[in-house]
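Trainee: Structure below; questions to follow.
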Amino acid sequence: MAWHLVQSLGSIGARAGLQVDAPPKDVRVPGASAPIVEAYERAAATILDGVRSLDEADLAEATDVYGEEWPRGHTLRVLIDHEIHHRGQIVTLMRRARLRPSSLYGPVAEDGGFDLDAFEDLRPCPIHPRIRVAWMIENGIWGLIFTGLAVAAELLWIPDWGWWPVGPWVAAGAVAVFMLLRTVVWPTLEWRAWSYVVRGHDVVLQHGVIWRVRRSVPRPRIQHVDVKSGPLDRAFGLAKCTLYTAGTGEEDATIPGLVHEQAEELRERLIGDAAS
């Protein structure tokens, strides 16, 4: 993206009738940042020299810009807008890489106390992998219950059902296989699909293996937050956060698989927003 900015100074500047010392489009991206910086400074300096030589009549003169006739002054304005657009993207990428953006147009947010750690909240957070084992045990318990019911039906009732369409023990076997897969395979798939992110204006939850759900809970509407943990959660040192929003009185969203301290920290953070 930075190299694109360097080359676009030449391509757009040329459309404005300026002689710009910029690399052409067929030059490959350098493997280091220093050549990009040097090329950009050269191109920007030659554009500045060219603009200083223009008068009001020159700025009003129309030039061909990609098949259209634009006043030279408008073309230079487009060049500036193009710079702003891509520099904003670069600032975002630098923050994601935990780099401090340069103060190009004045102080950046970091100069006013912007916290890079807070910016990390824009990245989706996975839930703790220990939740997979808890889900396996829970699904295994239900698997034993449903398989037991299927076996009881095969022994006690199905032999007397003349309308039953499948052979003996086929239904019980199918139930057993299904519950085995749900116990062994499904929890890992479900865990991989789960993530959440706390943004400035909302909490976004994403989950679902077959049917994907992406849900946004507005932070100003969060009325209270409960931290809950059942016997299996406590056995693995986990808890879940349940969010309640104003006007419903019922739980609006639940984030499972959180370490207890993490759940309490999330609760205090969201409740602090509600209190303020």
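A short reminder: the numbers here are calculations on the coordinates, not readings from a lab. Since we're looking at a predicted model, the values are computed, not measured. Note that we place each Cβ from the backbone using ideal geometry, even for glycine, and neighbour counts take in every protein chain shown.
Trainee: What is the packing order of peptides 212-222, 260-270, taking the mean over residues of other C-beta atoms within 10 Å and listing the highest first? Numbers along the way, then the final one.
Mentor: Numbers: 212-222: 13.5, 260-270: 16.3.
The packing order, highest mean first, is 260-270, 212-222.
Trainee: Can you give the translational diffusion coefficient of region 149-276 in µm²/s, computed by Stokes-Einstein from the Kirkwood radius over Cα pairs at 25 °C and 0.890 mPa s?
Mentor: Numbers: Rh = 17.7 Å.
D = 139 µm²/s.
Trainee: What does the charge count near Pro256 come to, summing +1 for each Lys or Arg and -1 for each Asp or Glu among other residues with Cβ under 12 Å from its Cβ? Kindly include the intermediate steps, with their values, before the conclusion.
Mentor: Working: positive: Arg130, Arg132, Lys228, Lys240; negative: Glu138, Glu190, Asp233.
Once all neighbours under 12 Å are counted, the net charge is +1.
Trainee: What residue among Gly167, Gly50, Gly230 has the largest mean-square fluctuation in a Gaussian network model of the chain, using Cα springs under 10 Å?
Mentor: Fluctuation is largest for Gly167.
Trainee: Let me ask something else. Once you wrap a convex hull around the alpha carbon atoms of region 46-108, what is its projected area averaged over all directions, in nm²?
Mentor: Details: hull surface 23.0 nm².
With every direction weighted equally, the projected area is 5.7 nm².
Trainee: Mind running the shape call on region 131-190? Use the C-alpha gyration tensor, a ≥ b ≥ c as the square roots of the eigenvalues: rounded below 1.5 for a/c, prolate if a/b tops b/c, oblate otherwise. Intermediate values should be presented prior to the final figure.
Mentor: Numbers: a/c = 4.84, a/b = 2.59, b/c = 1.87.
Here region 131-190 falls in the prolate category.
Trainee: Just one of (1) 14.6; (2) 15.7; (3) 26.2 is mean projected area of the Cα convex hull in nm² as worked out from the coordinates here. Which one is it?
Mentor: The value computed from this structure is option (3).
Trainee: Given Gln223, Thr46, Pro256, which one lies farthest toward the positive end of the charge dipole of the chain, if we put +1 on the Cβ of every Lys and Arg and -1 on the Cβ of every Asp and Glu?
Mentor: So the residue furthest toward the plus end is Pro256.
Trainee: What per residue convex hull volume, in Å³, comes out for region 78-230 when only alpha-carbon positions are used?
Mentor: Output value, Cα hull per residue: 222 Å³.
Trainee: At 222 nm, what helix-only mean residue ellipticity would the chain give, in deg cm²/dmol to the nearest 500, using -39500 (n - 2.57) for each DSSP H run of four or more?
Mentor: Details: 10 runs with 138 residues, N = 276.
For the chain, the value works out to -16000 deg cm²/dmol.
Trainee: Can I ask one more? How high is the relative contact order of the chain, in percent, counting Cα pairs under 8 Å that sit 6 or more residues apart? Numbers along the way, then the final one.
Mentor: Values: 329 pairs, mean separation 32.7, N = 276.
12 percent.
Trainee: Moving to a separate point now. Each label point is 7 Å from the Cα along the Cα-to-Cβ direction; what then is the distance between the points at Leu54 and His85, in nm?
Mentor: Reported label-point gap for Leu54 and His85 is 1.8 nm.
Trainee: Next question, about the same structure. On full extension of the chain, what length is gained from Cys125 through Arg214, given 0.36 nm per residue of separation minus the C-alpha to C-alpha distance?
Mentor: On the way: separation 89, 0.36 × 89 = 32.04 nm, distance 1.37 nm.
Extra length available between Cys125 and Arg214 comes to 30.7 nm.
Trainee: Now a separate question. For Cys125, Cys241, what's the fewest-to-most ordering of other Cβ within 10 Å of each Cβ? Could you put the intermediate results ahead of the total?
Mentor: Details: Cys125 15, Cys241 22.
Taking fewest neighbouring Cβ atoms as first place, the list is Cys125, Cys241.
Trainee: Next question, about the same structure. Placing +1 on the Cβ of each Lys and Arg and -1 on the Cβ of each Asp and Glu in the chain, which of Ala239, Trp3, Ile158 has its Cα farthest towards the positive end of the resulting dipole?
Mentor: Looking along the dipole axis, the top candidate is Ile158.
Trainee: Once R0 is set to 22 Å, what does the formula 1/(1 + (r/R0)^6) return for the Cβ-Cβ distance between Gln223 and Val197, expressed as a FRET efficiency to the nearest 0.05? Write down the numbers at each step before the final one.
Mentor: Values: r = 21 Å, r/R0 = 0.93.
It comes out at approximately 0.60.
Trainee: Rounded, prolate or oblate: pick one for region 2-122, where a ≥ b ≥ c are the square roots of the eigenvalues of its C-alpha gyration tensor, a/c under 1.5 means rounded, and failing that, prolate if a/b is larger than b/c, else oblate.
Mentor: Numbers: a/c = 2.41, a/b = 1.82, b/c = 1.32.
In terms of gyration-tensor shape, prolate.
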